[in-house]
């Protein structure tokens, strides 16, 4: 993937900065290639490594558990104010009333 900016990695931003990865070791691409077996062992032990190209972070070798945790979304219904009952007893009636109101 060609990196056009950090917007392309937003889905991983929580993992990168929410897990203390700002103190994570960094390796240049060539060094990472040469040390890949050691980086994989570190990932198995729960340690992540940021891979850089020309000093800019481009990839992360991280434990799979971190990826799984960031990919899972918690259900929204337990949240306070989830919208349950927002439309009243009969949501169809409420929506029809609102639609009529908008039509004028």
Quiz item: Does segment 45-86 hold any residues that are surrounded by 10 or more Cβ atoms within 10 Å (Cβ to Cβ), at pLDDT 70 or above and in a helix (DSSP H, G or I), and which are they?
Solution: 65, 66, 67
Exercise. Run residue 32 past the list (1) in contact with a strand residue (DSSP E or B) (Cβ under 6 Å, 6 or more places away or on another chain); (2) in a helix (DSSP H, G or I); (3) at pLDDT below 95 and report the number of the one that doesn't hold.
Key: (3)
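Does residue 104 count as modelled with pLDDT of 70 or more, within 30 Å of residue 30 (Cβ to Cβ) and surrounded by fewer than 12 Cβ atoms within 10 Å (Cβ to Cβ)? Step through it out loud before you land on a result.
On the way: modelled with pLDDT of 70 or more: yes; within 30 Å of residue 30 (Cβ to Cβ): no; surrounded by fewer than 12 Cβ atoms within 10 Å (Cβ to Cβ): yes.
Answer is no for this residue.
The values are calculated or read from the model by the stated rules, or taken from the named source; none is laboratory data. Keep in mind that what you see is a predicted model, and the values were worked out from it rather than measured. Every residue, glycine among them, receives a Cβ derived from its backbone with ideal geometry; neighbour counts consider all protein chains shown.
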